[in-house]
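Presented below is the structure to which this report refers.
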Amino acid sequence: MRQRVNGTEIAFDLYGEVGRPWVVLVHGFPFARAYWDGQVAALRDRYRVLTWDLRGLGESAMGPLPQPLEAYVDDLFGLMEALGVERPALVGLSMGGYIALRAVERAPQRFRALVLCDTRSAPDDDAGKLARAAGIKALHASGREEFLAAMLPKLFHDPASPAARGLLALMHRNDPAAMANALAAMQGRTDTTPALASFALPTLVLVGRDDTLTPPALSESLAARIPGAELAILDGAGHCSNLEAPEAFNAALATFLDRVISH
Ligand code: MLT
């Protein structure tokens with residue numbers, strides 16, 4: 001389905017019965033809403049689930065360039081308003097986590113719970129900013145092929161697995177210009193760390209033990225800064241922890257949601 005949000009067509013899917021508690025899933029970079037298929041299957045019997053493509057990725061339009069991270073947060077709020085999504089549990093992985101952290105910083109009252117997966121609150125340091133610049137240059141110079149080939153080993157504990165190959169195919173459908181925009185958006189994102197101490201939502205922090213992009217130490221400090229937050233470290237998983245350890249990921253997610261929002 002499509003919804004016009006902030007002047008752009010955003011592609012989304014809804015699952016589960018109307019009236020059930022809402023769960024909104026925000027994917028990472030450079031994925032698309034199908035990234036969450038395994039979690040949709042685990043949640044749709046008990047929850048009303050929204051998945052959507054970040055602008056420019058999947059089937060969502062990009063809109064005029066450039067678009068900062070704040071635009072993706074605006075899209076989340078716009079989509080929630082247009083679809084009547086009330087106080088969802090907000091689940092974000094990696095870039096989706098950056099969007100979720102900023103959304104909760106901006107409007108905590110709009111949410112009922114928060115799940116932060118393989119992400120961080122700090123902005124890019126100078127080395128990170130320069131790596132983004134190199135990525136943008138590579139995408140402009142030679143398209144997505146080489147960029148994605150270099151990225152895949154950073155996303156998975158086992159980059160030769162069927163899950164990794166499946167994600168590579170999904171990523172290959174994305175437009176290099178929109179991918180470059182997302183890199184620039186992440187490069188310019190704000191630091192949400194100072195806000196964490198005031199977060200009051202039930203929060204679960206999930207991370208793959210072998211995540212090298214956002215290592216477990218970052219998730220430990222994220223969970224330690226958010227009052228009452230729980231932490232789950234998933235064995236046998238890298239950055240895309242929901243794809244590499246789906247059973248453990250879904251069990252941790254469902255146990256948390258069933259406790260904090262199912263009533
Ligand atoms: C993601 O998975 O969303 C990205 O790897 C995050 C990042 O590059 O910071």
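If a spin label sat at a point 7 angstrom from the Cα of ALA107 along the line to its beta carbon, the backbone N atoms of region 1-37 nearer than 12 Å would be those of 6. Between GLY208 and ASP118, LEU234, SER241, the built amide H atoms are under 5 Å apart, and every one of these is 5 or more places off in sequence or on another chain. The DSSP beta bridges internal to the chain are antiparallel in roughly 25% of cases.
Taking label points 7 Å from Cα along the Cα-to-Cβ direction, GLU59 and ARG87 give a separation of 3.2 nm. Computed extension length for ALA177-LYS154: 6.2 nm, one decimal, from 0.36 nm per residue of separation with the Cα-Cα distance subtracted.
Taking the Cα centre of the chain as origin and assigning +1 to Lys and Arg Cβ atoms and -1 to Asp and Glu Cβ atoms, the resulting dipole is close to 440 debye.
Taking every alpha-carbon pair under 8 Å whose residues sit at least 6 apart, the chain reaches a relative contact order of 20 percent. Of the residues VAL18, VAL104, VAL26, the one that moves most in a GNM of the chain with alpha-carbon contacts below 10 Å is VAL18. If the chain linking ARG259 and GLU146 were pulled fully straight, counting 0.36 nm for each residue of separation and taking away their Cα-Cα distance, it would gain 36.4 nm.
In the chain, a dipole from Cβ-located charges (positive for Lys and Arg, negative for Asp and Glu) runs towards its positive end, and of ALA185, ALA237, ALA163 it is ALA185 whose Cα lies farthest in that direction.
Inter-label distance, GLU70 to ASP191: 1.8 nm, where each label sits 7 Å from its Cα along the C-beta direction. Report summary: the helix-based calculation at 222 nm, which adds -39500 (n - 2.57) for every DSSP H run with n ≥ 4 and divides by the residues of the chain, gives -13500 deg cm²/dmol.
For region 149-200 versus region 46-121, the spacing of their alpha-carbon centroids is 14 Å.
Every number in this text was worked out from the coordinates using simple rules, so none of it is lab data. If you're wondering where the values come from, they're calculated on a predicted model, not measured in any experiment. Cβ sites come from the backbone with ideal geometry, for glycine too, and all protein chains shown count toward neighbours.
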